[in-house]
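**Q** This is the structure, below, for whatever I ask next.
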Amino acid sequence: MDVKRVKDYLYWLYYQYQLVTCSYVLEPWEQSMFHTITVTVLAMVVYTAYVFVPIHVRLALEFFSQIFGPQPEGA
């Protein structure tokens, strides 16, 4: 892939982002505030998922392994 195609694709993605969020109608200072808040919220969601999802998956696996674990032979 050449650099021009990657640059055009990234520009297209940014344009789609602006269309979906309607941020193209904002003033420049409003756009920067909106983008800053959006990136901050997205970073917090990714961090929270990275930290807490593995813990909850492990706890769920432990819970279900206790419920559906090996049954005694004499039952």
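**Q** Select from segment 5-42 the residues that are open to solvent by 100 Å² or more (accessible area, probe 1.4 Å), assigned to a helix (DSSP H, G or I) and charged (D, E, K, R) and list them in ascending order.
**A** 5, 7
**Q** Between residues in segment 8-22 that are closer than 17 Å to residue 36 by Cβ and residues that are surrounded by 10 or more Cβ atoms within 10 Å (Cβ to Cβ), which pairs lie under 8 Å by C-beta distance while being six or more apart or on different chains?
**A** 17/23; 18/24; 21/34; 21/38
**Q** Among the numbered conditions (1) open to solvent by 70 Å² or more (accessible area, probe 1.4 Å); (2) modelled with pLDDT under 95, tell me where residue 60 comes up short.
**A** In the conditions (1) open to solvent by 70 Å² or more (accessible area, probe 1.4 Å); (2) modelled with pLDDT under 95, residue 60 misses (1) alone.
**Q** Could you please find all residues in segment 21-38 being among the aliphatic types (A, V, I, L, M) and at pLDDT 95 or above?
**A** Passing the criteria: 33, 37.
The values are calculated or read from the model by the stated rules, or taken from the named source; none is laboratory data. Being a predicted model, the structure only gives us computed values, none of them experimental. All Cβ positions, even for glycine, are placed from backbone atoms using ideal geometry, and neighbour counts span all protein chains on display. Protein only, heavy atoms only, side chains kept; ligands, DNA and RNA dropped before computing areas. Shrake-Rupley method; radii C 1.70, N 1.55, O 1.52, S 1.80 Å.
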